[in-house]
Every structure is written in C-alpha cells, then in structure tokens.
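Enquirer: Dropping a structure here in structure tokens format, bear with me for questions.
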Amino acid sequence: MLTTLFVLAALGGGVLYARQRARSGKRTGIRMPARERGPGQLQTHDVVCHLGRDWLVEGVIQLEGGGRRRRLARLVDGSEVAWLLADADELVLLRGGIAEAPPTPPPDTLVLDGATFRMSDMGAGRVGHHGDVGSRSSDKCRYWRYCGPGGRRAWLDEFRSTDLLVGEVVAAALLDVLPGS
C-alpha cells in the first residue's frame, strides 16, 4: 500500500513538472494539442474544408481602417482560386472573373448577372499580408462592399489594380479549418 502511494505521488509530481515546463515554453517532449483556429484567424498553409472541397490557404491579407479589421484569405484548389472574407459581421466565400470591375469610385448599385447589389460599406486603410496574395500585395487599399439578394455579396477592391469578387455568405459551421505546419 505504501509503495502504491509512493508511485502515485511520483507520477503526479512528474506530470506537474511537465506542465510547468510546457507553460514556461521549454521543450518537454510532450506535444500539446494545437490551438484551434476559426475562419477569422486563418494563416498561410492552413486547409479550409467546405462542402467536400479542400482549399489551401496560400496567403492572408489583413485590412485595417475605420477602426475595423477585415481579413481576406487566398484559397487555392488546383487551378481554382477563391477568397474568404472574414470580419466581425460575416464570412463570405468570393471568386473573381464573374464580371468586369467597374471604374472607381464605383456606383452605389451594381447589376451582376441580373441581380442588383447595393453598396453596404466602403473604406480604405493599411494592409498587412503574408504568403502569396497575388496582385493584392500592396500596403494600402480601397474597397467597396455590396449586398445582393439572399446571401450574395460583391467585393470591389483597389490595390495596384481594381478587382471585383462575387460570392455568398458562408456559415462558420460549414467550414473546417485544419491548421498548417
């Protein structure tokens, strides 16, 4: 009985020691589980799973302006590219090449594929980026955000050139994020 108590005390002390070293940042040989990230905290090399499709995050843009932060993550699956816009309000999965970008400053209303989109937000700000963000690798940006019927959205931005992205609001529950290495 005394031997059992001694062994349990030694094991408990070893566990406490390992936890303390892990908290202090020293290597213990024990792998702690990765902290889960949601779609609003995507990083380069993460994988986003949506409706049976796996997208690799190749780059992330952080827009700061007007007291708000927005993130655009460049998602790639083979030759296809999509963008995930995340802000405090919603997540929007966007794609380019659907329509030609209007001249800037754009009108308050856009008609795309017969649907009317109304401007809901606009702004400008500083840009931070990491990874491959294509032509959006500038340190400043202007943008215009539009709401269409249902959950349809349009995003017009001006980095080095003007680009129009169109897509739909996505429920966070439909996205799984697998952290990259």
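The values are calculated or read from the model by the stated rules, or taken from the named source; none is laboratory data. Here the structure is a predicted model, which is why all the values come from computation and not from measurement. Because the Cβ atoms are built from the backbone with ideal geometry, glycine has one as well, and the counts that use them run over all protein chains shown.
Enquirer: Mind telling me which of the residues Gly128, Gly148, Gly67 ends up being exposed (fewer than 14 other Cβ atoms within 10 Å of the Cβ) and over 20 Å from Leu42 (Cα atoms)?
Expert: Gly67
Enquirer: If you scan region 36-53, which residues turn out to be in contact (Cβ under 8 Å) with a residue 24 or more places away in the chain and either of a type in the set (D, E, K, R) or at positive phi (or both)?
Expert: Matches in region 36-53: Glu36, Arg37, His45, Asp46, Leu51, Arg53.
Enquirer: Here is a further query. Would you pick out the residues in region 137-150 that are under 18 Å from Ile98 (Cα atoms) and either touching a Pro at 6+ places or on another chain (Cβ under 9 Å) or in contact (Cβ under 8 Å) with a residue 40 or more places away in the chain (or both)?
Expert: Residues satisfying the conditions are Tyr143, Trp144, Tyr146.
Enquirer: Among (1) under 17 Å from Asp54 (Cα atoms); (2) at pLDDT below 95; (3) in a strand (DSSP E or B), where does Gly180 come up short?
Expert: (3)
Enquirer: Determine, yes or no, whether Leu165 is touching a residue at least 12 places away in the same chain (Cβ under 8 Å), buried (at least 20 other Cβ atoms within 10 Å of the Cβ), of a type outside the set (Asp, Glu) and touching a Pro at 6+ places or on another chain (Cβ under 7 Å).
Expert: Considered against the rule, which asks whether it is touching a residue at least 12 places away in the same chain (Cβ under 8 Å), buried (at least 20 other Cβ atoms within 10 Å of the Cβ), of a type outside the set (Asp, Glu) and touching a Pro at 6+ places or on another chain (Cβ under 7 Å), Leu165 comes out as no.
Enquirer: Can we say Ala88 is within 19 Å of the chain's Cα centre (by Cα), among the small types (Gly, Ala, Ser), loosely packed, with under 13 Cβ neighbours inside 10 Å and more than 14 Å from Arg153 (Cα to Cα)?
Expert: It is true that Ala88 is within 19 Å of the chain's Cα centre (by Cα), among the small types (Gly, Ala, Ser), loosely packed, with under 13 Cβ neighbours inside 10 Å and more than 14 Å from Arg153 (Cα to Cα).
Enquirer: Exactly one of (1) modelled with pLDDT under 95; (2) touching a Pro at 6+ places or on another chain (Cβ under 9 Å) is unmet by Gln41. Its number?
Expert: Here Gln41 meets the rest and fails (2).
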